[in-house]
1. Restricting to region 262-286, what's the tally of residues that are within 19 Å of Thr150 (Cα to Cα) and open to solvent by less than 40 Å² (accessible area, probe 1.4 Å)?
2. Please enumerate the residues belonging to region 31-58 that are part of a loop (DSSP other than H, G, I, E, B), of a type in the set (Gly, Ala, Ser) and crowded, with 24+ Cβ neighbours inside 10 Å.
3. Can you pull out the residues in region 234-261 that are open to solvent by 30 Å² or more (accessible area, probe 1.4 Å) and either among the β-branched types (Val, Ile, Thr) or part of a loop (DSSP other than H, G, I, E, B) (or both)?
4. Condition test on Thr150, is it surrounded by fewer than 19 Cβ atoms within 10 Å (Cβ to Cβ), of a type in the set (Val, Ile, Thr), under 22 Å from Thr32 (Cβ atoms) and within 13 Å of the ligand (Cβ to nearest atom)?
5. Can you confirm whether Met171 is more than 13 Å from the ligand (Cβ to nearest atom), on the phi < 0 side of the Ramachandran plot and open to solvent by less than 20 Å² (accessible area, probe 1.4 Å)?
6. Scan region 219-232 and give yes if some residue there is surrounded by 14 or more Cβ atoms within 10 Å (Cβ to Cβ), at pLDDT 95 or above and in contact with a Lys or Arg (Cβ under 7 Å, 6 or more places away or on another chain), otherwise no.
7. Return yes when Ala25 is of a type in the set (Gly, Ala, Ser), closer than 19 Å to Phe165 by Cα and within 16 Å of the ligand (Cβ to nearest atom) and no when it is not.
8. What are the pairs, 6+ residues apart or on separate chains, where a residue within region 196-223 that is free of Cβ contacts under 8 Å to residues at least 40 places away in the same chain has its Cβ under 6 Å from a residue that is surrounded by 13 or more Cβ atoms within 10 Å (Cβ to Cβ) and not in a helix (DSSP H, G or I)?
Amino acid sequence: MPLPPQPWPTGATEQLEPLVRRVLAPNPSPFTYTGTQTYLVGAEGELAVIDPGPDDPAHLDALAAAIGGAKVVAIACTHTHRDHSPAAAPLAARTGAPIVGCAPLAIESGEPRVDAPFDKAYAPDRVLADGERISGTGWTLTAVATPGHTSNHLCYALDESGALFTGDHVMGWSTSVVAPPDGNMADYMASLDLLTRRHDRVYWPGHGGPVAEPASFVRAFIAHRRMREAAIVKRLQSGDRSIAEMVPHIYHGLAPTLVPAASLSVLAHLHYLIGQGIVASEGPARLTSAFRLT
Ligand SMILES: [Zn+2]
């Protein structure tokens, strides 16, 4: 997936709406697009920092400059992939702010992984359940449980403006990676359905530009996943048994570096189809398993 032409606003503080500013971290990649976007919420004295990002000294300095003399009352992570949460601890040390939000994630698995491995050191002071709130002067953030990309994923709704910080659940530049063991396709689809029942005005995602028409954007993502699911069923009908056989037919012209991610995404879909009783695997459903229609 091509990145947009540089320069990107890495390290700069951008005012997005009266209560929201953004600082782009210096970690561009095929998975993070131009980098992780850290959001600062609040205008008068008290701030929340959403997704502090990677533990990178330049990014922490940029955040400190954006915070200035304000008081950080919460450092809130959407999930614990290493491009989102590792700066929480050093930022807490600098500001004295508590780390609140998503739960720690513990996956014991020797299976192959893609995307950014999760942050094992993440240690929140307070875990927010769905619907719980944090607030400061002039703002309130409500946690919206959105498992799927990871089991611990939270979005945050800014009640005063109708904005939703969507982390990696819905991104502005690409569909999310939903790959086992971190990700679960059934949870992800349910979390997309949940967004269609909300009435958010705009999404500020972890990566990529704003989503100005959330409802139609999410419906397109749901349709995209259903299409991929149909393509997998079609490959099984035509005799494919393994993920390695299916991937080149489903993802045309895929860069070799993205084959592992695509393979795990197909596995996530197969887990979902197994859960629906449509597909069966020989033994546990892994990357190397044989699959068939039931
Ligand atoms: Zn992620």
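1. Matching residues across region 262-286 total 12.
2. Start the filter on region 31-58 by keeping residues that are part of a loop (DSSP other than H, G, I, E, B), which leaves 31-32, 34-36, 42-45, 51-56.
Then drop every residue that is not of a type in the set (Gly, Ala, Ser), which leaves 35, 42-43, 45, 53.
Within region 31-58, Gly35, Gly42, Gly53 meet the criteria.
3. In the first step, residues of region 234-261 are kept if they are open to solvent by 30 Å² or more (accessible area, probe 1.4 Å); the result is 234-235, 237-239, 241-242, 244-245, 248-249, 251-257, 259-260.
Hits for region 234-261 are Ser238, Gly239, Arg241, Ser242, Tyr251, His252, Gly253, Leu254, Ala255, Thr257, Val259.
4. On the way: surrounded by fewer than 19 Cβ atoms within 10 Å (Cβ to Cβ): no; of a type in the set (Val, Ile, Thr): yes; under 22 Å from Thr32 (Cβ atoms): yes; within 13 Å of the ligand (Cβ to nearest atom): yes.
Criteria not met by Thr150.
5. On the way: more than 13 Å from the ligand (Cβ to nearest atom): no; on the phi < 0 side of the Ramachandran plot: yes; open to solvent by less than 20 Å² (accessible area, probe 1.4 Å): yes.
No: the conditions fail for Met171.
6. Among the residues of region 219-232, not one is surrounded by 14 or more Cβ atoms within 10 Å (Cβ to Cβ), at pLDDT 95 or above and in contact with a Lys or Arg (Cβ under 7 Å, 6 or more places away or on another chain), which makes the answer no.
7. Values: of a type in the set (Gly, Ala, Ser): yes; closer than 19 Å to Phe165 by Cα: yes; within 16 Å of the ligand (Cβ to nearest atom): yes.
Yes; evaluated as a whole, the condition is true for this residue.
8. Gly209/Gly172; Ala212/Val202
The values are calculated or read from the model by the stated rules, or taken from the named source; none is laboratory data. Given the structure is predicted, the values throughout are model-derived calculations rather than measurements. Positions of Cβ are generated from backbone atoms using ideal geometry, with glycine treated the same way; all protein chains shown enter the neighbour counts. Just so you know, the surface numbers come from the protein's heavy atoms only, side chains and all, with ligands and any DNA or RNA stripped out. Shrake-Rupley method; radii C 1.70, N 1.55, O 1.52, S 1.80 Å.
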